[in-house]
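Notes follow once the structure below has been shown.
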Amino acid sequence: MTDEELWDLLDEVMDPEIPVLSLVDLGVIRKAEFVAGDPVITITPTYSGCPAMKVMEEDIEAVLQGVGFDEYTIKTVLSPAWTTDWITEKGRKALQDYGIAPPEQATSDKGALLGHPKEVTCPNCKSRKTKMLSQFGSTPCKALYQCNDCKEPFDYFKCI
Amino acid sequence: MEKKQALFNYLLRLADNSAILGHKLSEWCGHGPELEEDIAIINTALDLLGHSRSLYTYAGEVEGKGKTEDDLAFLRIEREYKNALITELPNGHYGDTIARQYLFDQFNYLLFIELEKSSDETVAAIAAKAIKEIRYHLRRSIEWTLRLGDGTEESHAKIQEAFDDVWAYTGDLFVQDDSDLVIIAEGIGPDLKAIQPIWREKVKATLAEATLLIPEDGWMHSGSKQGRHTEHMGHILSELQYMQRTYPGCEW
């Protein structure tokens, strides 16, 4: 197996809390390579207290074992710290289709300069008229929003 | 004092602050004043526990006696915990919790932006991760201070009293000992005496905006860095340590 095939294999491991997003798309996998013939995977937590990290490690172990690897290493690094910019374009699309608003790109709204809350697009009706209900949502990485047009509440993958 | 011992002490203090305050906040789980706030406060608790895990793990490595994060979090006696006294105070009513949280968040924010520049790479990495979270903890506790202070007559009176009550525990946050001096000299962490006036200015500004008065500096409690705690600490540990004391070595 090549390093590239190893990445493809890891792309099958889904985030335990957002099952449409692979760990590769989430940007949790920093490095995947073979060292002396054995896979070495380097991961980074999204949030310090993310309770899903342990599950992610176990899920990675399961796919590695599934294709016959007995010897492997999974390392955790904190630096450089994960930000939402690590989420891939494919990942952003998957979030959107799943009904979670993906993190807004830094340049897309000028409100940030003035300390205003971010403009977030409703994943349901695509309206920009939305409001934040709470900075904290169903998981540490999400905030709770509501659309002023279609009235649907939705999760926003908050930008850090 | 040698650097290794000073760093171990320093890491434990940071980790204990996060672990004990995180534990106190977790007591609100299912009891928050409204659903969104219940979720918010438990998210904050979770972030703090995350910070403590990274710090305990590193403290164990620095000490070099093979201790894990669990050994350090759960298997010390009261005197060996070095968390600031303010973190172990009872939750009280929601205003009490917010007053305690705001004063601590403001301190923790100013501390961690300095730790991000630490000469110790691991401390800097943990801080760079944590500061992203501490930043919105602070934003939330400021918002609540404003809402309660500049709210109704009753909420104003209650949170003013909460700030007055907790004030005598804030001096303890800035006490420094020999370990701190080594940490400052090595460029690992900031001089708390330099942070104190900035903290005071920020707190004064927030309270003024919230139409609250900054309490007068009177006699201050101290002793956390020597492990001298308030009467509340024993009760916290009896609950926090129950599983490990009852089933030694149990793992999640």
Condition first: of a type in the set (S, T, N, Q), in a helix (DSSP H, G or I) and farther than 24 Å from residue B:68 by Cβ. Now tell me which residues in the range B:225-252 satisfy that. B:226
With the requirement that a residue be facing chain A (nearest Cβ under 10 Å) and closer than 12 Å to residue B:187 by Cβ, what does the range B:122-137 give you? B:124
Please state which one of B:15, B:6 is closer than 15 Å to residue B:130 by Cβ and of a type in the set (A, V, I, L, M, F, W, C). B:15
When restricted to A:6, A:26, the only residue aliphatic (A, V, I, L, M), more than 30 Å from residue A:130 (Cβ to Cβ), buried (at least 18 other Cβ atoms within 10 Å of the Cβ) and more than 14 Å from chain B (Cβ to nearest Cβ) is A:6
I'd like to know if the range B:22-30 contains one or more residues that are closer than 17 Å to residue B:112 by Cβ and surrounded by 21 or more Cβ atoms within 10 Å (Cβ to Cβ). yes
Long-range neighbours under 6 Å by Cβ, at least six apart or interchain, first residue away from chain B (no Cβ under 12 Å) and in a strand (DSSP E or B) within the range A:74-91, second surrounded by 14 or more Cβ atoms within 10 Å (Cβ to Cβ) and acidic (Asp, Glu): A:74/A:57
Within the range A:139-158, residues being facing another protein chain (nearest Cβ under 10 Å) and free of Cβ contacts under 8 Å to residues at least 40 places away in the same chain number 2
Of those in the range B:27-67 that are acidic (Asp, Glu) and in contact with a helix residue (DSSP H, G or I) (Cβ under 7 Å, 6 or more places away or on another chain), the residue farthest from the other protein chains (Cβ to nearest Cβ) is B:63
Just checking, does the range B:219-230 include any residue being over 19 Å from the mean Cα position of the chain (by Cα) and on the phi < 0 side of the Ramachandran plot? yes
Could you tell me whether the range B:84-103 includes any residue that is in contact with a Pro (Cβ under 7 Å, 6 or more places away or on another chain), surrounded by fewer than 24 Cβ atoms within 10 Å (Cβ to Cβ) and over 23 Å from residue B:242 (Cα atoms)? yes
Just for the range B:213-224: of the residues that are surrounded by 11 or more Cβ atoms within 10 Å (Cβ to Cβ) and in a loop (DSSP other than H, G, I, E, B), which one is nearest to the other protein chains (Cβ to nearest Cβ)? B:214
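This table checks each residue for (1) touching a strand residue (DSSP E or B) at 6+ places or on another chain (Cβ under 9 Å); (2) surrounded by fewer than 16 Cβ atoms within 10 Å (Cβ to Cβ); (3) not in a helix (DSSP H, G or I).
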{"residue": "B:136", "(1), (2), (3)": "no, no, no"}
{"residue": "B:142", "(1), (2), (3)": "no, no, no"}
{"residue": "B:147", "(1), (2), (3)": "no, yes, no"}
{"residue": "B:156", "(1), (2), (3)": "no, no, no"}
{"residue": "B:183", "(1), (2), (3)": "no, no, no"}
{"residue": "B:190", "(1), (2), (3)": "no, no, yes"}
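Bear in mind these aren't lab numbers, they're just calculated from the coordinates by the rules spelled out. Since we're looking at a predicted model, the values are computed, not measured. As a convention, Cβ positions derive from the backbone with ideal geometry for all residues, glycine included, and neighbour counts pool all protein chains shown.
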